[in-house]
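Trainee: Okay, here's the structure, questions in a sec.
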Amino acid sequence: MASQQNGKRTCVMIVEPDWDFGIKLADWLASQGYQPVLTRTIDAAIVEFGSVRPQAIFVGLQSSVPQSQMNPGEVLLMIQTICPLVPIIAIADEARQVQTQVVFRRGVRRFLVKPVEFSQIGEVLQSELSVATV
């Protein structure tokens with residue numbers, strides 16, 4: 001269950017191009033007491049950062065990135081620059097060695113691969129939130 005800060009639910013941002021997965025994750029987080037904020041793109045997330053102060057961020061990384069989108073390294077660097085103290089948890093369609101190296105070089109400590117159980121996501125989230133508040 002989510003911890004509450006000053007009577008407010010813990011805000012978790014989800015940047016997930018896979019809308020179906022993103023909605024399911026947001027619904028599950030809400031059922032666990034979190035306040036999810038779902039966006040499909042990094043551009044939309046940046047706009048939200050102005051009004052939302054997430055305590056954790058999930059970033060969905062797709063195996064095929066269209067040329068018009070930023071690569072995972074750029075996305076993670078941008079998020080880390082805007083929210084340097086917020087834990088970032090990457091969720092990918094597949095674990096490719098190059099992608100894994102980029103994720104960990106950008107300071108992401110947790111990397112999950114789909115399909116992933118929501119209970120596992122919850123455990124990782126709680127762990128990261130505990131470390132962030134210490």
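Trainee: Let me check I've understood the local charge: for Thr41, count other residues with C-beta under 14 angstrom from its C-beta, Lys and Arg +1, Asp and Glu -1. What total comes out?
Mentor: Local net charge: -4.
Trainee: Convert each backbone phi in the range 25-31 into a coupling constant with the Karplus relation 6.51 cos²θ - 1.76 cosθ + 1.60 (shift: θ = phi - 60°), then list the ³J(HN,Hα) values in order as whole Hz, x for Gly and Pro.
Mentor: So the J values, rounded to whole Hz, are 5, 4, 4, 5, 4, 5, 5.
Trainee: While we're here: Any chance you could look up the accessible area of Arg9 with a 1.4 Å probe, heavy atoms only, rounded to 10 Å²?
Mentor: 100 Å²
Trainee: Something else about it: Amide H of Leu61: which non-local residues (sequence gap of 5 or more, or other chain) have their own amide H closer than 5 Å, using H built in the peptide plane?
Mentor: Close amide H contacts, sequence-distant or interchain: Ile91, Ala92, Asp93.
Trainee: Something else now. So, by mean Cβ neighbours within 10 angstrom, what's the order for 22-32, 42-52 with the highest one leading?
Mentor: Highest to lowest by the protection proxy: 22-32, 42-52.
The values are calculated or read from the model by the stated rules, or taken from the named source; none is laboratory data. Because the structure is a prediction, the values reported are computed rather than measured. Neighbour counts are summed over all protein chains in view; Cβ atoms, including those assigned to glycine, are modelled from backbone coordinates with ideal geometry. Side chains included, ligands, DNA and RNA excluded: accessible areas come from the protein's heavy atoms. Shrake-Rupley method; radii C 1.70, N 1.55, O 1.52, S 1.80 Å.
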